[in-house]
Amino acid sequence: MGDTVLTARKRGLGGEAKLAYALLFPAVLLMVIFMVYPIIYVFILSLFKTDKLARIKDFAGFSIYASLLSSKDTWVVIGRSLIWTFTAVAAKTLFGVIIALVLNVKYMGRKIARLLFIIPWASSIPISVMLWRWVLHNEFGLLNHTLKITGLMQNPPVWLGQSSTAFLSCLWVDVWIGIPFMALVFLAAMQAVPQTLYEAAEIDGASKAAQFRYVTLPGIAAILLIATLLSSLWTFNDFNTIYILTNGGPAGSTNILITYVYQNSFEWLKWQKASALSVFTFIILSTVSVIYSRVYFRREEM
Amino acid sequence: MKKILIVVTLIVILSVMSLPLFANGQKDGGAEKSKVTFWLADYEGIDHDFVGKIADAFEAAYPQYSMDLVIVDWNAMHDKLTTALAAGTPPDASVIGTRWLLEFMDLDAVVEPAKYVSQATFDNIAPGAMEAKVNGTLMGIPFAAGSRFMAINTSLTDKVPQTMEELEKYAIEATKNGKYGLIMPGGKHTELTDFVYYFYAAGGDFFDKDGKCIVNSAAGVKALDFMLKLANEDKVVQDGYLSQDRKQAQPIFFGGKAAYVMIGAWADTEYNKMNADWKIKYAQIPPFAGNKPAPLIVTDSIALYKDGKNLEGIGKFIDFLYKDEWKAPLDKQMGFPPVTISASKRPEFQTPMYAAMAEANLNAKGWPLVTGWAEASSIIIDATQKAYLGQMSAKEALDWAAAEVDKARAE
């Protein structure tokens with residue numbers, strides 16, 4: 001084995017390796033053009049004053065970072081983004097696992113149930129959010145109408161009009177859209193758990209809860225990690241839901257980092273500030289990704 | 001090596017095949033067509049099919065052009081334009097709020113329309129509509145101009161308030177049996193029109209002659225305090241006003257559930273759409289007692305972009321669009337009184353709503369023409385919302401807004 005590697009090294013790149021690099025080249029090139037270059041450019045942009053068309057003017061150093069870090073607004077928005085992400089991902093994971101468990105049980109109509117659960121995710125997100133905006137409308141909305149006619153609430157809240165309910169409404173819509181993906185992924189993972197393990201557990205007298213704790217959960221753990229990582233990244237950057245439902249309002253109370261970046265860049269043309277905020281986003285998401293990767297690969301090695 | 005050659009050859013073939021995607025021209029039956037791009041704002045009432053017909057008719061009249069007539073949501077127009085301008089790929093022309101013009105000129109993004117649009121078209125535009133003149137040069141072609149006014153549901157009240165104080169009184173009287181006295185959108189919208197009706201009625205100005213923000217003047221505080229009273233004490237405005245922009249709030253009026261609404265040129269179109277069993281009446285937005293009437297006038301223009309790919313073609317399109325055959329029905333759908341002299345004489349523009357707008361024009365006041373208005377407007381909306389939510393008093397909120405606006409404009 002050692003000799004083979006040595007021989008390959010001596011000969012330089014083998015034909016297979018060359019082919020692999022050639023096949024990878026277009027993808028790497030596209031990634032450099034569309035991912036690496038923009039990331040570097042955004043960082044550079046944050047160090048310079050710009051005109052309103054984002055053309056670089058004077059070097060400003062790290063002054064914008066100092067200004068942002070000393071601003072209460074920045075911390076409020078970052079804090080809200082973290083609460084938003086953590087709460088939404090936790091809810092999506094919890095509901096996703098429960099629904100996957102339900103869909104994994106054999107019963108009549110299971111296929112139809114699976115189809116129905118995937119619909120919210122298969123629909124266009126902006127259209128789903130727009131529909132929810134009307135559902136939550138105080139005057140014409142289905143939700144308040146239902147609450148009133150069923151007598152559950154005579155004076156239901158103005159969902160998108162108060163800071164707390166607006167944030168919760170946005171959160172709910174994001175969770176509603178995200179659950180099917182999580183459920184589907186968990187369902188696929190659960191189906192990959194060998195049936196024999198459940199049979200062995202049953203013979204050992206394990207309850208259903210114990211089977212879930214000691215068979216299902218370890219069996220889907222790797223997928224759980226990946227799915228929650230993906231969901232964290234998507235949720236942290238979920239622009240559609242908040243922009244369409246509340247546009248960050250009322251009084252900025254539903255702004256998260258991604259909507260704040262949009263506001264500063266495309267609405268107010270403050271490219272330097274928007275770039276610095278994007279760098280914050282990049283750092284936060286990279287940190288989360290690195291932690292997840294370490295946990296994931298450590299598990300793989302074990 | 002052979003495999004690498006195959007991969008490289010495939011990449012080259014794919015690249016060559018994709019080249020036509022990036023070409024501006026397109027071939028039709030062998031003839032090269034050049035593309036003309038125009039972004040039209042999605043005004044309430046606009047008939048998208050009719051807009052499609054305009055594009056088809058233009059292509060039939062000028063076979064050398066293919067017309068890309070894109071309807072863009074008003075709320076997204078400013079952001080889409082700035083993004084496109086930053087990327088160097090703006091449309092050839094678009095509708096803009098005239099208040100954005102200084103900002104776009106500051107970016108050196110627009111060109112003088114007279115270089116591409118015929119003199120005959122300009123000669124047919126009412127001189128009073130030429131608001132977009134900067135240092136004597138017309139930089140935006142008037143597209144729509146209309147003052148705001150008040151619409152009244154006569155099945156709920158027939159009283160026409162002469163002052164804001166009277167409006168409050170009549171709105172309280174009309175608020176009963178699940179009906180609202182007044183529609184007041186409080187959600188975040190492109191502009192802060194719903195504050196400015198009261199602000200101008202109190203004699204307010206956003207900036208002093210030195211450019212300092214004075215929205216926290218006595219007039220500003222009076223206006224916002226009055227709005228808070230209407231909403232929170234008198235409770236005459238629709239429930240959930242804070243979550244609704246005008247597109248969500250005004251259907252409540254047209255659904256027959258409110259007595260008064262301050263509105264614009266689309267009122268007739270929206271009213272007719274509803275087939276309502278009640279009659280609508282138009283009146284002026286009243287001033288506060290002791291003030292002069294000062295309704296808001298909103299003007300929109302067409303800007304031609306320096307980086308546009310087909311300025312000759314867009315000039316031809318604008319000449320075509322401004323013919324009565326196309327512009328007059330479009331004006332009618334949008335509800336705006338025509339900016340063209342010939343169309344304004346047509347019988348369909350001699351209705352009570354147009355009469356109310358013509359009367360409002362006499363005292364109307366426009367948006368401030370300043371740079372950084374988009375952010376200033378957003379800050380002031382946030383301030384009004386903070387006051388609605390009870391986080392700050394009207395005075396505190398507007399003091400905060402004035403300081404933030406000055407800070408933002410100084411950056």
**Fill in**
Selection over region A:238-254 where residues are within 11 Å of another protein chain (Cβ to nearest Cβ) and either closer than 13 Å to residue B:378 by Cα or assigned to a helix (DSSP H, G or I) (or both) yields a count of 9
**Members of region A:93-106 found to be within 30 Å of residue A:161 (Cα to Cα) and crowded, with 17+ Cβ neighbours inside 10 Å, listed by number** = A:93, A:95, A:96
**Request:** Go through region B:60-98 residue by residue and tally those that are more than 14 Å from chain A (Cβ to nearest Cβ) and either over 30 Å from residue B:33 (Cβ atoms) or among the β-branched types (Val, Ile, Thr) (or both).
**Result:** 5
**Asked** Exactly one of (1) closer than 19 Å to residue B:245 by Cβ; (2) in contact (Cβ under 8 Å) with a residue 40 or more places away in the chain is unmet by residue A:122. Its number?
**Response** (1)
**Request:** Among what's in region B:233-256 and is surrounded by fewer than 18 Cβ atoms within 10 Å (Cβ to Cβ) and among the basic types (Lys, Arg), pick the residue that is farthest from the other protein chains (Cβ to nearest Cβ).
**Result:** B:235
**Message:** Any residue that is touching a helix residue (DSSP H, G or I) at 6+ places or on another chain (Cβ under 8 Å), more than 29 Å from residue A:162 (Cα to Cα) and part of a helix (DSSP H, G or I) - is there at least one of those in region B:239-252?
**Reply:** no
**Prompt:** Taking region B:121-164, which residues are surrounded by fewer than 14 Cβ atoms within 10 Å (Cβ to Cβ), of a type in the set (Ser, Thr, Tyr) and assigned to a loop (DSSP other than H, G, I, E, B)?
**Reply:** B:154
**Asked** Here are some conditions: (1) within 14 Å of chain A (Cβ to nearest Cβ); (2) among the hydrophobic types (A, V, I, L, M, F, W, C); (3) over 18 Å from the mean Cα position of the chain (by Cα). Residue B:362 meets all but one. Which one does it not meet?
**Response** (1)
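Filter region B:259-308 down to the residues that are in a helix (DSSP H, G or I) and not hydroxyl-bearing (Ser, Thr, Tyr) and list them by number.
Selection gives B:267, B:268, B:270, B:272, B:273, B:274.
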**Asked** Within region A:18-37, how many residues are under 30 Å from residue A:62 (Cβ atoms) and surrounded by 13 or more Cβ atoms within 10 Å (Cβ to Cβ)?
**Response** 0
**Prompt:** Pick from B:318, B:285: which is of a type outside the set (S, T, N, Q), more than 16 Å from residue B:46 (Cβ to Cβ) and crowded, with 24+ Cβ neighbours inside 10 Å?
**Reply:** B:285
**Request:** Might you let me know whether region A:275-284 holds any residue that is outside any helix (DSSP H, G or I), within 21 Å of residue A:91 (Cα to Cα), at pLDDT 90 or above and away from chain B (no Cβ under 14 Å)?
**Result:** no
**Message:** Any residue at all in region B:349-368 that's in contact with a Lys or Arg (Cβ under 6 Å, 6 or more places away or on another chain) and not assigned by TED's automatic domain parsing to the domain that holds residue B:199?
**Reply:** yes
**Message:** Of all residues being under 14 Å from residue B:318 (Cα atoms) and under 15 Å from the mean Cα position of the chain (by Cα) in region B:67-120, which is surrounded by the fewest Cβ atoms within 10 Å (Cβ to Cβ)? Just the residue, please.
**Reply:** B:95
**Prompt:** Of the conditions (1) buried (at least 20 other Cβ atoms within 10 Å of the Cβ); (2) outside any helix (DSSP H, G or I), residue B:369 fails just one. Which one is it?
**Reply:** (1)
**Message:** Here are the criteria: (1) under 14 Å from residue B:381 (Cα atoms); (2) within 14 Å of chain A (Cβ to nearest Cβ); (3) of a type outside the set (S, T, N, Q). Tell me which single one residue B:196 does not satisfy.
**Reply:** (2)
**All positions within region B:382-411 that are in contact (Cβ under 8 Å) with a residue 40 or more places away in the chain, under 25 Å from residue B:105 (Cβ atoms) and either in contact with a Lys or Arg (Cβ under 9 Å, 6 or more places away or on another chain) or buried (at least 23 other Cβ atoms within 10 Å of the Cβ) (or both)** = B:405, B:406
**Message:** Exactly one condition in (1) within 21 Å of residue A:119 (Cβ to Cβ); (2) within 13 Å of the chain's Cα centre (by Cα); (3) within 14 Å of another protein chain (Cβ to nearest Cβ) is false for residue A:170; which is it?
**Reply:** (2)
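Could you tell me whether residue B:393 is out of contact with any Leu (no Cβ under 7 Å at 6 or more places or on another chain) and modelled with pLDDT of 90 or more?
The answer is yes for residue B:393.
Can you work out which of the residues in region B:383-393 that are part of a helix (DSSP H, G or I) and out of contact with any Phe, Trp or Tyr (no Cβ under 9 Å at 6 or more places or on another chain) is nearest to residue A:270 (Cα to Cα)?
If we take residues in region B:383-393 being part of a helix (DSSP H, G or I) and out of contact with any Phe, Trp or Tyr (no Cβ under 9 Å at 6 or more places or on another chain), then B:385 is nearest to residue A:270 (Cα to Cα).
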**Message:** For the structure I just gave you, tell me whether residue B:201 is more than 30 Å from residue A:242 (Cα to Cα), surrounded by fewer than 23 Cβ atoms within 10 Å (Cβ to Cβ) and away from chain A (no Cβ under 14 Å).
**Reply:** no
**Fill in**
Flagged in region B:100-149 as within 14 Å of chain A (Cβ to nearest Cβ) and touching a helix residue (DSSP H, G or I) at 6+ places or on another chain (Cβ under 9 Å), in numbering order, are B:100, B:102, B:103, B:104, B:107, B:109, B:110
**Matching entry among A:235, A:287 (being surrounded by 22 or more Cβ atoms within 10 Å (Cβ to Cβ), at pLDDT 90 or above, away from chain B (no Cβ under 14 Å) and within 17 Å of the chain's Cα centre (by Cα))** = A:235
**Item:** Among the candidates B:260, B:305, residue that is touching a helix residue (DSSP H, G or I) at 6+ places or on another chain (Cβ under 9 Å), outside the structural domain of residue B:96 (by TED's automatic domain parsing) and at pLDDT 95 or above
**Value:** B:260
**Request:** Taking only region A:54-72 into account, find how many residues are of a type outside the set (Gly, Ala, Ser), touching a residue at least 12 places away in the same chain (Cβ under 8 Å) and within 13 Å of another protein chain (Cβ to nearest Cβ).
**Result:** 3
**Message:** Yes or no: region B:395-402 includes at least one residue that is assigned to a helix (DSSP H, G or I), farther than 30 Å from residue B:213 by Cβ and more than 13 Å from chain A (Cβ to nearest Cβ).
**Reply:** no
**Request:** Output the number of the condition that residue B:275 fails; it satisfies all remaining conditions of (1) surrounded by fewer than 24 Cβ atoms within 10 Å (Cβ to Cβ); (2) within 14 Å of another protein chain (Cβ to nearest Cβ); (3) of a type outside the set (A, V, I, L, M, F, W, C).
**Result:** (2)
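The values are calculated or read from the model by the stated rules, or taken from the named source; none is laboratory data. Bear in mind the structure is a predicted one, so any value in this text is a computation, not a measurement. Cβ sites come from the backbone with ideal geometry, for glycine too, and all protein chains shown count toward neighbours.
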